[in-house]
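First comes the structure, then the notes that go with it.
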Amino acid sequence: MLEIRDLVVSYGAVRALHGVSLRVERGEIVTLIGCNGAGKSTTLRAVSGMVRPASGTIEFEGRSIARMKPHEIVRLGMAHCPEGRGIFANMTVEENLRLGAFTRDDAEGIAADHERALTLFPRLRERLRQSAGTLSGGEQQMLAIGRAILTRPRLLLLDEPSLGLAPQVVRTIFQIIREINAAGTTILLVEQNAHMALKVAHRAYVLEVGKIEMEGPAADLAASDEVRKAYLGVA
Amino acid sequence: MDQFLQTLMGALAIGSLYALIALGYTMVYGILKFINFAHSDVVVLGAWGSLVFARWAERTAGWSQTPWYLGGVVLIAAMVLCGTVGFLVERLAYKPLRRAPRINVLITAIGVSLFLQNTGQLEAVFGTRPASIPRLVGDRTIAQIGLVKIEMLDVVGLFTALSFMLGLDWLVFRTKIGRAMRAVSFNPQTAGLMGVPVDRVISFTFVLGSMLAATGGFLWALKYSQVNQPADTGWTLLGLKAFVAAVVGGIGNVRGAMLGGLAIGLLEQFGSAYLSSSLSDVYVFSLLIVVLLFRPSGILGSTAVEKV
């Protein structure tokens, strides 16, 4: 479904990715783990068109998207929940959700997905008319994911959904990521919380300073000594 | 009482003009975070465009009496003209600088302003002499309260300005494109991730702001009937006051610009009527200083707090 080959991205003179290749098959949850600054967010930003790659190819459902703009890629069926959630704090929760459906005009389908987002995150239903800036961090993350659902993506990119959240909330979010996947959406998950990410994912890639260092089934990686030492904090 | 009513009418008329122009400053700032110094020159274009269209229409049609709808037709023509120029200015001057430092854009805006002024001064365009616009709204008094006459012209002007402001408010807060504008204003990158075509929304905003500027120029020309040459300092002052209105209301805030425009109009007119008319500009800029000292984000402006 998503195929990245030899992706190179630079910010000015600084090279963030040195030839990253990865693949996401339909129906999977794939996670990309790694330390701060390894290039995880940059990879997602290149996929969704927010940064333009210096070289390499990105194919989504067989179509090259490396030169497309973000709003064109969304229309192809890919949603990206950015790092820091990207909530529009100057709008209500309801308006944020409706922006998710910006590219669509099938009123019935939108209403159905709206309902689905509120069923997944009942907290949002209570706060529809509230300004999104007044939500707690966890609620903002729920809103970001709910909003992404409203674009009706076949592939969902999630950037650090657990960042800064209480353990209880993290568990809820990961439970919902699993539900969204079970309902048919493919997911590419970027996480620093390797423990949770490896639990929920089918396959995983380990990114270190702009390069893929390891890849394989999530369970295998979680059991490997290297990953346990470097990312799971087990001696 | 008579003086009060008279002053109030004048204040609302001029205040709504400031508000119309302030909206253009504030919308562009809201979306691109820079002050479009060329905005007041688009107002000038609106005034002169109206004048040229109106004269041309009268000359070619040879009416014995100006038809009632001519004003509307002239206004629409001026809006189309200014909208096109606003679109081209954004596309040719500002868009190539989207990733450049903000100071570059600011200096470019000053350049665009000078370009528009000097082009307007060309003999083949509007020239360097003042001219007068034909009477487009009947010279009638429609009501009289005490000694105060309510002129048709003021009522039409106020009605036009207010209905455009209400229309804009509806567009920004109640429609899909308005939601997209607010999203781009808050964070263009995330707006793109929602599928909002950011560049097109920016173009749309410029066209909209320029059309409101055209309306401001049109109403200004009708009100004073004499239109000064394109580089006249009076235009700069008008632009500056509208800019002050935008800052006082809270730059980037659409409702703030309307409120600021009316506030500036009231302050200026009542100050002139009851204190001293030679200080009318002083009141406006004093208000700016006071607002910047005590509430730098403006009356309706707010500072965003990021949550983690």
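The values are calculated or read from the model by the stated rules, or taken from the named source; none is laboratory data. Worth saying up front: this structure is predicted, and the values here are computed from it rather than measured. With ideal geometry, Cβ positions are generated from the backbone for all residues, glycine too; neighbour counts draw on all protein chains shown.
Scoring A:M1 on the criteria (1) buried (at least 20 other Cβ atoms within 10 Å of the Cβ); (2) more than 10 Å from chain B (Cβ to nearest Cβ) leaves a single failure, condition (1).
Residues in segment A:159-172 that are more than 12 Å from every other protein chain (Cβ to nearest Cβ) and under 23 Å from A:R26 (Cβ atoms): A:P161 only.
Candidates in segment A:95-152 are the residues that are among the aliphatic types (A, V, I, L, M) and free of Cβ contacts under 8 Å to residues at least 40 places away in the same chain; of these, the one that is nearest to A:H80 (Cα to Cα) is A:M142.
Residues checked against (1) at pLDDT 95 or above; (2) among the hydrophobic types (A, V, I, L, M, F, W, C); (3) surrounded by fewer than 24 Cβ atoms within 10 Å (Cβ to Cβ); (4) under 12 Å from the mean Cα position of the chain (by Cα):
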site	(1), (2), (3), (4)
B:M1	no, yes, yes, no
B:Q6	no, no, yes, no
B:L12	no, yes, yes, no
B:L23	yes, yes, no, yes
B:V44	yes, yes, no, yes
B:W48	yes, yes, no, no
B:W56	no, yes, yes, no
B:A61	no, yes, yes, no
B:A78	yes, yes, no, no
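Annotation note: of A:G86, A:G133, A:G137, the sole residue that is within 25 Å of A:G39 (Cα to Cα), within 11 Å of another protein chain (Cβ to nearest Cβ) and surrounded by fewer than 20 Cβ atoms within 10 Å (Cβ to Cβ) is A:G137. Restricting B:A143, B:A124 to those that are under 27 Å from B:G15 (Cβ atoms) and outside any helix (DSSP H, G or I) reduces the list to B:A143.
For every residue, the table says whether it meets (1) under 18 Å from B:L45 (Cβ atoms); (2) modelled with pLDDT under 95; (3) surrounded by fewer than 24 Cβ atoms within 10 Å (Cβ to Cβ); (4) basic (K, R).
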{"site": "B:G192", "(1), (2), (3), (4)": "no, no, no, no"}
{"site": "B:V196", "(1), (2), (3), (4)": "no, no, no, no"}
{"site": "B:V201", "(1), (2), (3), (4)": "no, no, yes, no"}
{"site": "B:F206", "(1), (2), (3), (4)": "yes, no, no, no"}
{"site": "B:M211", "(1), (2), (3), (4)": "yes, no, no, no"}
{"site": "B:A214", "(1), (2), (3), (4)": "yes, no, no, no"}
{"site": "B:F218", "(1), (2), (3), (4)": "yes, no, no, no"}
{"site": "B:Q229", "(1), (2), (3), (4)": "yes, yes, yes, no"}
{"site": "B:D232", "(1), (2), (3), (4)": "yes, yes, yes, no"}
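When segment A:36-58 is filtered for residues that are small (G, A, S) and farther than 14 Å from A:V190 by Cα, the ones remaining, listed by number, are A:G49, A:A54, A:S55, A:G56.
Any residue at all in segment A:63-72 that's within 20 Å of the chain's Cα centre (by Cα), away from every other protein chain (no Cβ under 14 Å) and crowded, with 23+ Cβ neighbours inside 10 Å? No: segment A:63-72 contains no residue that is within 20 Å of the chain's Cα centre (by Cα), away from every other protein chain (no Cβ under 14 Å) and crowded, with 23+ Cβ neighbours inside 10 Å. For B:R91, the test of being of a type outside the set (A, V, I, L, M), touching a residue at least 40 places away in the same chain (Cβ under 8 Å) and over 22 Å from B:I264 (Cα atoms) is passed.
For (1) over 30 Å from A:T92 (Cα atoms); (2) charged (D, E, K, R), each residue gets a yes or a no:
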| residue | (1), (2) |
| --- | --- |
| B:E123 | yes, yes |
| B:G127 | yes, no |
| B:P130 | yes, no |
| B:R140 | yes, yes |
| B:V156 | yes, no |
| B:S163 | no, no |
| B:L168 | no, no |
| B:A183 | no, no |
| B:Q189 | no, no |
